[in-house]
Every structure is written in C-alpha cells, then in structure tokens.
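Right, one structure below, let's go through it.
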Amino acid sequence: MRRLLINICKTVFCGLLVASCSTTDDNSVSPNRQKSIVILYDNDVHCHIDGYTRLAGLRDAILAADTAYVGITSSGDFVNGDVAGAISRGQYIVDIIRTVGYTAIAPGNHEFDFGIPRLLELIPKMGAPVVCSNFYKIGDTSPIYQTYTIRQFGKKRVAFVGATTPEALMDEKYSFYDKDGKQTYDLRTDKVFSLVQQSVDDARNAGADYVVMLSHLGEKKSYTGVDSHTLISKTHGIDVVLDGHTHSVVPHDVVSNDRQELIGVTQTGTAFANIGKLVISPEGKITTELLSSADVPYTNSHVTATTDSVVTLIHQETDRVLGVSKFNLTIRDSKGNRLVRKGETNLSDLVTDALRVRTGADIGLYNGGGIRNDIPAGTINYGNAISVLPFYNLTCTIEATGEMIVQMLEKSLQKYPEEEGHFPQISGMKFTLHTVSHKVSDVLVLNRSTDTYEPIVADKKYSIGISDYYANGGFYDSLKDATLTKLYPDQNCKTLADFIEYDLGGVVGEEYREPQGRITFIED
C-alpha cells in the first residue's frame, strides 16, 4: 500500500508539471508601450521551496497590473541544502523551477554537489537558459553552457551573463576530478574576469541595451581572488550585479568599475528570506530593493500544487520518528547568528559524536559548513537528520597521525574569526585556538580505555570517523593522504539518525543542551 501511494503521488506530481510547464515569457507583448522592466531575483534558496509560489505570484501580480515587463532570475545554489534536494538529488527542485518559469539562471557551487554528470542531467529539465562564462571541460575551448542570453522586454533587450565561484573547485572538488585524481572540468579561476568581459562585450555586440550580471561569486574577499566587487572593478559594460554565494543581505550597494562608473550590486540573503526586485525605468534608471518573502501576499496555483506534491513525497520518506529533544539543537549562537562555521554548537557536538560512536573511531570530525540546519525542540524525525546533513556524502573511517591532525586544525582555522566552511567540529578531541596567531595548542584526544583526555602524539596514528568529503575538498585537503580504513554504505544523515535512535535510545540528553567546551579560544 505504501509503495502504491508513493507511485500515485508521483503520477499526480508529473501530471501537474505537464499542466503547468507551458509558462511563456510575456516580455514581447505591447512592443510600442513604454513600461518599466522588472526582474525578480533570488539566490542561495537552498531548497526552501515555500518561497517559489510567492515569487511566481508576485510576477503574476505585476503582469496583471500591466505596468511592467517581468522576468525572474536566480544566481545559484538551489538544488541542495535541505531535504527536498537531498532525497531527490535535485530533481524535485528542478521540477519546481520549471513550473515557475525562469528567464535566466546561473549555477552556484552547490549545483555541483551531486556530481557534474547529475548536473548535466538536471539542467535541461529546468526549462530556462543557464548562463555561465567560466565553466569548461578540460581541453575544450568552448564553455559547457552559454555565457549569456538575451531577452526582449518591449523595445529593450536585456542580456543576462553568468559566472560561478571558483571556490567550487575546492569545496566540491570531487565533481571536477575523476577517480584517478585527474582534473576533468574547470572554473578558470585566473580568467574569470576576462571571460566575463568577453561575454559582456559579446552581449553588447549582439544588441543588448542592458547587461545584468548573475554572479555566484559573493561580496566577501575569497582565497581565489574572485568576488563580485573585484569583478566589477575589473570590467565594464555591466549595468547591475545580482549576486549570490555569501548569503549577504544587500538591498543595494555600489562599486566602481574599471571606467570609474558606479555599478549596483545586490544580494537577497538565503532561504527565500527576501525576494529581490530590480527595476529598469523607461528612462533607463536602475534600482534594486528587497521584499520580505513572508510579506508577499501573492501565490501561483500551479507552483503551489507542485510544491504541495513535493511536500507529500518528502513526508512519505522522512516522517519516521527517531527520538525527542527537550531543547533546540542548533548551528547558531544565543542571538540567532550562525556560529557553526566559526565556533562550537550543541548540534555540531551531536553530529561529531555520531560519527565517532557509530564508527568506533578515536575522533569524530566534520566540517562546519556541512552542518546546515537546526533541529527544533520536540520530536525528531528522519527528515530532521537529512536537513542537518543534506549532502550526498558517505560515512567512512580514516587513519591519520597526530601531526597530520594538528596541521589540519591550523590550516582550517587560518581565517578565524571569519566564517569558514572548513571549520573543524570535533568529538573525542579538544584543542585551544589562539585567535591572533591562529596557532593551535593543547590538543587532547580521548583515551577510550581510560575515558580520559591525553595529549596528542605526533607520530601516533588515530582513527577518525568522518565524511568521505574529507578527500574531495574538506578541510582544504589536509587529510587526503590519510589512510582510508573503511567506507560505509550509509550517508552521513543516516549515521546521525542511527545515533539518535539507537545509541541515544531516542532521547537527546541534557549533556547536549549547551556546547560542551571542546574548543577553547584565547586572544593571543
């Protein structure tokens, strides 16, 4: 009966898609009328699917008012980051995007989470042009996707140019290299700016009146040297940058381009907290603003039907109860700010304990950037475990020397106090970070026989329960030379689920109410 219900649900879901995917672009209507051009935009949605119906509903309301031509764009990071993407490997999200009807999309680094073959499989199903100036297959002279697309809005032609952060070469390294360690794809780190400039020039030569940059580069300085502000400063011909990647909330900022012209840059935050609204007036004035998604009163019935079907499918896979917690398990500090990428949290303690205990290792280790969402107080189900660890990574054990472990800690903590996806969350180990020098001291490892912590020994080998991501970009590859001792068939989320259900007996105890003090910070 359960399998039958799932099949019925999937049949209805596909029917809804067929009925709703004929969305057409209204940009060519009334070519002689002078109306504004409105581009609604998102970035870093990370599978928070409730916002899509409001985005489409807002588009519909503007079109119904007949005051502007309207398009919708995304600056990346949509296929993963929460349950809907994790359990379908992006398929549910792509189906929703197709229902919405986007004008142009730039991929983000998390579009590479499930591997490039999966990305290449998903992209054609979105029903929208994907633009990226710097994504190449090694040895090819042409990019994988078109570098720009031009859409007609009344009498004006708007080009959308895309670029994706080269940080993906490290953070999603497994997608860009084959099993023998040979690089097969590239994001052209040293040529991003020139490639974007060429794309902009090509778009202008093709008749674009305006160029909108869909940038998944971020506004914070990157170790790659590639960010949206630097991009603007080294190019010209871009009218406005719709940015992503760093989850910043930027209604409107300005940066000088290489001709000392002020160019607007904006970003909506993450998880559909906001919907961006770019307006190009008939006179050519460009403005941007952010609208709180929760305050948008409009919805689209087709998109709602699609997301409702996705929710039904998700519940059938995720409602199994694992246990209960009397308090929130969180990735945030007491003020609600994200902490897991620069400090210890009670949820990171739980995750790393799961890796250590379930594998029987000396140490549990997980990169903070991979722990994505909170678990609220109350009943914990399998969906919560997926939401916390949504990436398609397997649990494994490795063997590394004490010297390698200390080197890993120091390399992964060099950016502190900046947020860092490689920030090491730990179990069975303690250490002190000197926040000025970024040195690590007093590294202790739990002796399982005596249940006491002892100083780490440089030439001693320790077993580590960890995600297989360690070898493909995690912790800056610091542990890639460690010996793989066992690869489990379980995804990281299942390891966490089993720990809560079986090892904790379904009850997250008081020892997890607060962070356990495994990391000490000293300002020197």
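The values are calculated or read from the model by the stated rules, or taken from the named source; none is laboratory data. Predicted model, so just to flag it, every value in this text is computed and none were measured. Cβ atoms come from the backbone with ideal geometry, glycine included; neighbour counts cover every protein chain shown. The accessibility values were calculated without ligands, DNA or RNA, using every heavy atom of the protein model including side chains. Shrake-Rupley method; radii C 1.70, N 1.55, O 1.52, S 1.80 Å.
Is the range 52-67 home to any residue that is touching a Leu at 6+ places or on another chain (Cβ under 9 Å), among the β-branched types (Val, Ile, Thr) and modelled with pLDDT of 95 or more?
So far as the range 52-67 goes, yes, one or more of its residues are touching a Leu at 6+ places or on another chain (Cβ under 9 Å), among the β-branched types (Val, Ile, Thr) and modelled with pLDDT of 95 or more.
In the list 81, 85, which residue meets the criterion of being farther than 23 Å from residue 209 by Cβ, touching a helix residue (DSSP H, G or I) at 6+ places or on another chain (Cβ under 7 Å) and not in a helix (DSSP H, G or I)?
Result of the check over 81, 85: 81.
Yes or no: the range 155-170 includes at least one residue that is open to solvent by less than 10 Å² (accessible area, probe 1.4 Å), part of a loop (DSSP other than H, G, I, E, B) and more than 19 Å from residue 390 (Cβ to Cβ).
Yes, because at least one residue in the range 155-170 is open to solvent by less than 10 Å² (accessible area, probe 1.4 Å), part of a loop (DSSP other than H, G, I, E, B) and more than 19 Å from residue 390 (Cβ to Cβ).
Would you pick out the residues in the range 178-228 that are among the aromatic types (Phe, Trp, Tyr) and surrounded by 14 or more Cβ atoms within 10 Å (Cβ to Cβ)? Show your work before the answer.
Step one: filter the range 178-228 for residues among the aromatic types (Phe, Trp, Tyr), giving 185, 193, 210, 223.
If the condition is that a residue be among the aromatic types (Phe, Trp, Tyr) and surrounded by 14 or more Cβ atoms within 10 Å (Cβ to Cβ), then 185, 193, 210 are the ones that fit.
For the range 315-361, give me each residue that is open to solvent by 20 Å² or more (accessible area, probe 1.4 Å), within 24 Å of residue 247 (Cβ to Cβ) and outside any loop (DSSP other than H, G, I, E, B).
Answer for the range 315-361, where residues must be open to solvent by 20 Å² or more (accessible area, probe 1.4 Å), within 24 Å of residue 247 (Cβ to Cβ) and outside any loop (DSSP other than H, G, I, E, B): 332, 338.
For residue 467, state whether it is within 27 Å of the chain's Cα centre (by Cα), closer than 21 Å to residue 368 by Cα and open to solvent by 20 Å² or more (accessible area, probe 1.4 Å).
So residue 467 does not fit the description; no.
I need the full set of residues from the range 81-92 which are buried (at least 24 other Cβ atoms within 10 Å of the Cβ) and farther than 16 Å from residue 302 by Cβ, in order please.
Matches in the range 81-92: 81, 83, 84, 85, 86, 90.
Which condition number in (1) modelled with pLDDT of 95 or more; (2) closer than 20 Å to residue 79 by Cα; (3) touching a helix residue (DSSP H, G or I) at 6+ places or on another chain (Cβ under 8 Å); (4) not aromatic (Phe, Trp, Tyr) is the one that residue 188 fails?
Against the list (1) modelled with pLDDT of 95 or more; (2) closer than 20 Å to residue 79 by Cα; (3) touching a helix residue (DSSP H, G or I) at 6+ places or on another chain (Cβ under 8 Å); (4) not aromatic (Phe, Trp, Tyr), residue 188 comes up short only on (2).
Could you name every one of the strands (runs of 3 or more DSSP E) located completely within the range 383-472 that has at least 1 residues being in contact (Cβ under 8 Å) with a residue 60 or more places away in the chain, over 29 Å from residue 219 (Cα atoms) and β-branched (Val, Ile, Thr)?
394-401, 424-427, 429-434, 439-447, 461-467
Quick one: which of 293, 301, 281, 309 is surrounded by 17 or more Cβ atoms within 10 Å (Cβ to Cβ) and either more than 30 Å from residue 419 (Cβ to Cβ) or aromatic (Phe, Trp, Tyr) (or both)?
309
Counting just the residues of the range 475-519 that are touching a His at 6+ places or on another chain (Cβ under 9 Å) and within 24 Å of residue 86 (Cα to Cα), which one comes out modelled with the lowest pLDDT?
So the residue we want is 476.
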